[in-house]
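Please read the structure below before turning to the comments.
The values are calculated or read from the model by the stated rules, or taken from the named source; none is laboratory data. Computed from a predicted model, the values in this text were never measured in an experiment. Here the Cβ positions follow ideal geometry from the backbone for every residue, glycine too, while neighbour counts run over all protein chains shown.
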Amino acid sequence: MKWIAPLQWIIVVAIPTALISCDKNYTVFYEDEDADGLSVFSDMGNNVMSCYINGQAFRTRGRIYNAGFSRGYLSTEIELFKDAAAPDSDTLTIIWQRDAFSPNPNSISLVLAVKKDFSYNDFTAFNNTRLVIDGINGYFMVNSNHSEKGTGSIYFLRAVLMPGNAAGINNQLSGIFEATLPSYKITRGRFDHTLPVGHPQGVVFF
C-alpha cells in the first residue's frame, strides 16, 4: 500500500509531460549561406518566410502543433483570408506572422484585389506567375497598418490549392517578393508553405 501514492504522483506528472512532448514543429529552416539570417529559397513545403526589412533579417514563426491538455491547436506562420463584402470584387489577404526573435514589425501582409467569387481554382492560376503590386489593385502592408501601403512585386513559383487534399504537400505556396513602403524597405523575400484548408488546423479560410 505504501507504493500507491508515489505511483499516482508519477502518473500525474507523466501524463502532462507526455502531452507536451507531443508538440510538433512543421517548419524547417535552412539558412542561406549567401543571405545571413534568411532561409534558403525552397519549394519543399518548409513552412517559412524570410526577408530583410530595412536591412535586418526577418523570419516567420514556426508552424507548431501544440498538443495541450484537452484539445490541440496549430500555431501558424501564414494565413490566407478572402473578404467577399464588396459587391464587385473580392479581396485576398496573405498574412505572415513574425518569429518572436525577429525585429519588428509583427507581421507582413499582401492584399490583392481579385475577381468576385474568387475560388480555389482561381488561386491556382497564380502558379508560376509574377505580379506587379502597384498600390491600387494590390499592396503590401506592415502590422495591418492600412495607412502605409507598399508597392513592389511578387513571383509565385508554386500556388496550388486543392481542398480535397487539405493536408497534402500538393497544397503549396512558394515564391519570392520585394516591396517598398513609406517606412520600410523589404528585400530578398522568399516563402515556402503548405496550405491546409479551414478550421481548426488550417491556414486557408475561404
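Scanning the stretch 22-73 for residues that are within 26 Å of LEU181 (Cβ to Cβ), in a strand (DSSP E or B) and of a type in the set (A, V, I, L, M, F, W, C) yields ALA35, LEU38, VAL48, MET49, CYS51, ILE53, ALA57, PHE58. Only one of the numbered conditions (1) at positive phi; (2) at pLDDT below 95; (3) not acidic (Asp, Glu) is violated by VAL160, and that is (1).
The set of residues in the stretch 70-95 that are within 21 Å of GLY45 (Cβ to Cβ) and touching a Lys or Arg at 6+ places or on another chain (Cβ under 9 Å) comprises LEU74, SER75, THR76, GLU77, ILE78, LEU92.
For ALA86, the conditions (1) touching a residue at least 60 places away in the same chain (Cβ under 8 Å); (2) not in a strand (DSSP E or B) are fulfilled apart from (1). Within the stretch 27-35, one or more residues are out of contact with any helix residue (DSSP H, G or I) (no Cβ under 9 Å at 6 or more places or on another chain), among the small types (Gly, Ala, Ser) and at pLDDT 95 or above.
Listed by position, the strands (runs of 3 or more DSSP E) enclosed by the stretch 110-206 that each have at least 1 residues that are touching a residue at least 40 places away in the same chain (Cβ under 8 Å), basic (Lys, Arg) and surrounded by 15 or more Cβ atoms within 10 Å (Cβ to Cβ) are 151-160, 185-194.
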